[in-house]
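Worksheet: one structure, shown below.
FYI, it's all coordinate maths here, none of it is from the lab. Not measured: the values here are computed from a predicted model. Ideal geometry is used to build each Cβ from the backbone, glycine not excepted, and the neighbour counts take in all protein chains shown.
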Amino acid sequence: MIKLRTLLTVIFCSFALCGNSQSAFLPLSNEVEQGFVKDLNRVGNGVHTSFKPYLRSDVVRASMYSSEEGELDEMDFGKVYDSLIGMDVRKDRKFNQRWIGRKIFTEHLLQVEEEDFRLYLDPVFEFLGGQDQENDRNFHTNTRGVWASGSIGKRFGFNATFYENQSFFPLYLDSAARKSRVVPGQGRVKKFETSAFDYAFSTGTINFQLNKHFTFEFGQDRHFIGDGYRSLLLSDNAFHYPYFKIITDFWKIRYVNLFMQLRNLERIDQNDEYPFQSKYASMHYLDVDIGKHLTVGLFESVIWHADSTAPRGFDIGYMNPFIFLRPVEFSIGSPDNVLMGLNLKVKLNSKNLLYGQVMLDEFLFDNVVSNKGWWANKQGIQAGFKSVDVFGVKTLFLQGELNYVRPYTYQHRDELGSYSHHRGALAHPLGANFWEMVGIDKYTYKRWNFDARLSYAEVGYDSSGSNWGQNIFLSYNTRVQEFGNEVGQGLKTKLMWANLNISFLLNPNNRMNVFVNVASRSAVQPNKTENTILIQGGFRTNLFNRYYDF
């Protein structure tokens with residue numbers, strides 16, 4: 001079987017060598033998405049918002065929709081998208097009309113736009129410095145890289161990034177990276193100088209839009225399911241992975257098939273010459289608009305891997321896009337890890353919506369209603385709201401969210417089968433055995449962006465080598481008890497995170513901005529308290545999410 005990574009490289013290079021919009025998908029970034037949130041959630045626009053990254057055509061479709069007329073305006077795709085990302089801003093100044101001004105404020109560094117071929121090239125970077133006030137510790141990040149995107153003809157698009165990083169982290173993040181040997185969401189580390197880290201990562205995708213009903217994509221990147229800040233089904237918290245994706249649109253339905261290759265960072269044998277352990281995942285997501293105000297999404301996934309008794313590669317039985325995975329898993333007598341979930345969104349009006357998720361890892365109704373805390377009642381619940389133009393103030397955004405995940409959720413009978421990749425959780429960064437509240441307030445004025453966040457969580461960590469259900473990488477066969485399990489059991493830790501970020505957007509195309517940030521973190525345990533106060537600032541292109549609020 002050809003390795004997915006090798007196949008990706010061959011296909012991508014082939015199209016790059018042979019080669020009216022850019023790549024079909026937007027970068028998976030909360031900052032990028034924020035500019036479109038009002039249009040995307042307008043009542044009646046018919047756009048599916050719960051599977052990310054967004055299709056560019058969906059963003060344009062949402063912006064062209066008139067809620068009063070209930071129809072789509074006929075406008076040029078490129079013109080609409082350019083106006084959405086702010087290409088027209090600051091063009092009136094004389095300096096911005098010169099080559100250097102255009103490159104800084106309104107254009108890609110390199111643009112090739114022919115009738116049947118487009119290529120855009122930008123540097124990507126992050127130069128950040130700051131101080132951990134409580135621990136008297138300076139920290140910094142030095143990131144350099146490149147981002148290329150474009151299209152070949154009217155149906156093929158491509159996207160690729162490469163990042164090289166050196167970082168000296170705040171104490172709490174340094175401890176997490178040393179323990180896992182991974183920077184959260186950004187790959188394996190190696191030592192740099194005395195106490196810093198060196199790490200690199202790359203992404204690459206190609207997509208083909210057959211027609212308005214079918215979109216195909218092959219690549220190495222991440223995905224997110226849900227309308228919240230967190231996801232209990234699939235998030236972009238973990239590292240990038242090779243995948244193949246099919247998006248099918250018809251009537252009021254979007255159906256997504258996602259096939260992935262995942263890895264545990266443990267060698268197949270205790271020898272550096274052997275590769276890391278591999279596992280595979282197949283996911284189905286069905287999103288249905290029920291009227292103009294309600295959208296329901298159904299999710300199922302299965303993770304499987306080779307084992308010592310019955311070596312397996314990619315199981316062709318899970319490739320069928322129109323099946324339920326649980327019957328197949330049962331029929332082949334497999335020990336695979338199956339999860340199911342529900343995603344809901346209710347548009348109260350065009351400015352306010354409610355959303356939520358229910359995730360079922362295992363479920364036995366009698367044990368749920370008995371309220372005895374059976375260990376295998378493994379579920380997660382999310383509930384939240386979003387409001388735009390709050391109190392009549394344009395571009396003022398408010399979001400509140402509650403997440404609750406029971407102990408042992410996402411664990412499996414063996415460690416390799418856990419719902420994880422590259423030592424990162426595929427869902428929530430806190431793993432399991434926690435509840436969390438998140439509040440987000442954002443305001444945009446021209447190119448100024450203000451982002452305030454506050455979160456509080458209670459997490460039950462393991463203690464003295466015991467498995468109380470938080471660490472998703474452990475086997476649930478090592479659980480402490482059968483009954484009496486409740487959220488927060490074990491070493492109860494209260495986590496408080498507050499963050500204020502102020503940034504000025506220089507170039508909307510690559511999200512180049514300057515920023516200052518103040519953050520406070522506290523972790524309170526029965527006999528220990530850790531406090532962190534971060535003051536930092538820098539200059540960066542913000543094209544992906546970083547989840548350091550744990």
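For residue 421, what residues show an amide H to amide H distance below 5 Å, using hydrogens built from the backbone and excluding near sequence neighbours?
426
Summing +1 for each Lys or Arg and -1 for each Asp or Glu, what net charge is found among the other residues whose Cβ lies under 15 Å from the Cβ of residue 476?
Net charge around residue 476: -3.
Please arrange 236, 389, 116, 227 by counting, for each residue, the other beta carbons lying within 10 Å of its beta carbon, fewest first.
116, 389, 236, 227
Only counting other Cβ atoms within 10 Å, I'd like 223, 412 sorted with the fewest neighbours first.
223, 412
I'd like the Karplus ³J(HN,Hα) series for segment 466-477: coefficients 6.51, -1.76, 1.60, θ = phi - 60°, whole numbers in Hz, and an x wherever there's a Gly or Pro.
After applying 6.51 cos²θ - 1.76 cosθ + 1.60, I find 8, 9, 9, x, 8, 7, 5, 7, 8, 7, 5, 5 Hz.
For 294, 109, what ranking results if the residue with the fewest other Cβ atoms within 10 Å of its Cβ goes first?
Sorted ascending by nearby Cβ count, the order is 294, 109.
Would you please classify the overall shape of segment 342-474 from the alpha carbon gyration tensor, given that a ≥ b ≥ c denote the square roots of the eigenvalues, rounded means a/c under 1.5, and beyond that prolate means a/b larger than b/c while oblate covers the rest?
Because a/c hits 1.5 or more and a/b exceeds b/c, segment 342-474 counts as prolate.
Check cross-link reach from residue 38 to the lysines: straight Cα distance under 23 Å, and skip same-chain residues fewer than eight apart.
Reachable lysines: 52, 79, 252, 292, 345, 347, 351, 386, 394, 442, 446.
Using packing as a proxy for protection, rank 48-55, 145-152 so that the peptide with the highest average count of other Cβ atoms within 10 Å comes first.
48-55, 145-152
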